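First up is the structure itself, then whatever we jot down about it.
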Amino acid sequence: MVKIQPKTFYVGKNLIFLPSCHSTNDIANEIIQNKEFIDGTVILTDHQTAGRGQRGNQWESRSGQNLLMSIILKTAYLSLEKSFDLSITVAVSVLETLKSFNLPNLSIKWPNDLYINQKKTGGILIENSISGNKIRHSIVGIGINIGQVKFGNPRATSLILECPSEKINRETVVEKLCEYLELNLDLLQNNRFINIKEKYLEHLFRKDELRRFKSAEGIFDGIITGISENGHLKIISQNEEKYYNIKEIEYLFND
C-alpha cells in the first residue's frame, strides 16, 4: 500500500491506491460518475493495462517502477477558452517537482511532455468535463518514469538513468508534486497565471532554435517562438509566423 503525506490543504489528502487498473484516468472518471468526488483526490497504481498518452498513444511503463497517477480537480473557475492554462500549470508543477530532485537539463516539450537531456521522462493527459463555456471538473493524468531502465523507445528515459546518485522514490515524488500543483493552482485561480506561463516559456523545449518539423504541408525548418493564448505552438518559418494545434505538427529528431 502506498502512503503519502503532502503538505497541502486538499491536493493528495484523499488517496486511492490500486495495485493494477486499466487506466487511472478511467478510474477517476468512474468515481466522478458514481458519486460526489473530493476535490484533489489522487488515484495511484503500480500498473496500467491501458494507459493513454497524447495523440492516443499508449504509455509504456514497467509494473511498479514508475509513477502512474490521476488527480481529480474542481475547475469551474476556468472558462473553456482558458483550458490550456491548466495544462501549462500542471506541466510547470511537474517541472518544479523534478527540479527539486536536482535533475539536469529539464524542459517541457509542447504541449506538456517532460524531458531530461532531450529525452522524454514524463507525460500529462488532461480530460475536462464541459458545461456550456465552463470546465466543470478536470482529470489530470500524469506519468513519470522513475525506476525503469529499459525502454522500447530510444528517446525515453527515467529519473534513475539521468541522475543515479539521487535516491528518488515514488511516494516522495507524489508528495512534492501535490504540493507544487496546489501552489500553482492557487496562482491560476487568483489571476497570477502570468508567473506560471513565464516558467513554461523559459523551459520550452527547443525554443528559439532552428529545428525541423513535419506538418500536412511537408517537412520544413522553423523556430519555435512561443505559444498563443489558446495554446497553439508558434513557429516562424521563412519569415512567416504560423500556428499549430497538437495534431498538426510533429517534431523531427535527427540528433
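The values are calculated or read from the model by the stated rules, or taken from the named source; none is laboratory data. If you're wondering where the values come from, they're calculated on a predicted model, not measured in any experiment. Every residue, glycine as well, gets a Cβ built from its backbone with ideal geometry; the counts of neighbours run over all protein chains shown.
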Only one of LEU185, LEU233 is surrounded by 15 or more Cβ atoms within 10 Å (Cβ to Cβ), under 19 Å from LYS109 (Cα atoms), under 21 Å from the mean Cα position of the chain (by Cα) and of a type in the set (A, V, I, L, M); which? LEU233
ILE146 fails exactly one of the following numbered conditions: (1) at pLDDT 95 or above; (2) in a loop (DSSP other than H, G, I, E, B). What is the number of that condition? (1)
If I filter region 236-250 down to residues being of a type outside the set (Asp, Glu) and closer than 15 Å to ALA216 by Cβ, which single residue comes out as surrounded by the fewest Cβ atoms within 10 Å (Cβ to Cβ)? LYS247
For region 153-182, give me each residue that is within 18 Å of the chain's Cα centre (by Cα), part of a loop (DSSP other than H, G, I, E, B) and closer than 24 Å to LEU44 by Cα. THR157, SER158
Checked region 142-172 for anything of a type in the set (S, T, N, Q) and either touching a Ser or Thr at 6+ places or on another chain (Cβ under 8 Å) or not assigned by TED's automatic domain parsing to the domain that holds TYR115 (or both); matches are ASN145, GLN148, THR157, SER158
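Residue-wise test of (1) over 17 Å from the mean Cα position of the chain (by Cα); (2) at pLDDT 95 or above; (3) surrounded by fewer than 18 Cβ atoms within 10 Å (Cβ to Cβ); (4) not in a strand (DSSP E or B).
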position	(1), (2), (3), (4)
GLU36	yes, no, yes, yes
GLU60	no, no, yes, yes
LEU86	no, yes, no, yes
GLU96	no, yes, no, yes
GLU127	no, yes, yes, no
So which residues in region 107-124 are on the phi > 0 side of the Ramachandran plot and assigned to a strand (DSSP E or B), if there are any at all? none
Take the residues in region 149-177 that are closer than 30 Å to GLU36 by Cα and among the acidic types (Asp, Glu), then tell me which one is modelled with the lowest pLDDT. GLU171
Top-ranked residue in region 137-154 [being touching a Lys or Arg at 6+ places or on another chain (Cβ under 9 Å) and within 16 Å of VAL174 (Cβ to Cβ); ranked as surrounded by the fewest Cβ atoms within 10 Å (Cβ to Cβ)]: GLY147
Any residue at all in region 102-110 that is in contact with a Leu (Cβ under 8 Å, 6 or more places away or on another chain) and at pLDDT below 95? yes
Check PHE213, PHE193 and return the single one that is in contact (Cβ under 8 Å) with a residue 12 or more places away in the chain, over 20 Å from ASN105 (Cβ atoms) and more than 18 Å from the chain's Cα centre (by Cα). PHE213
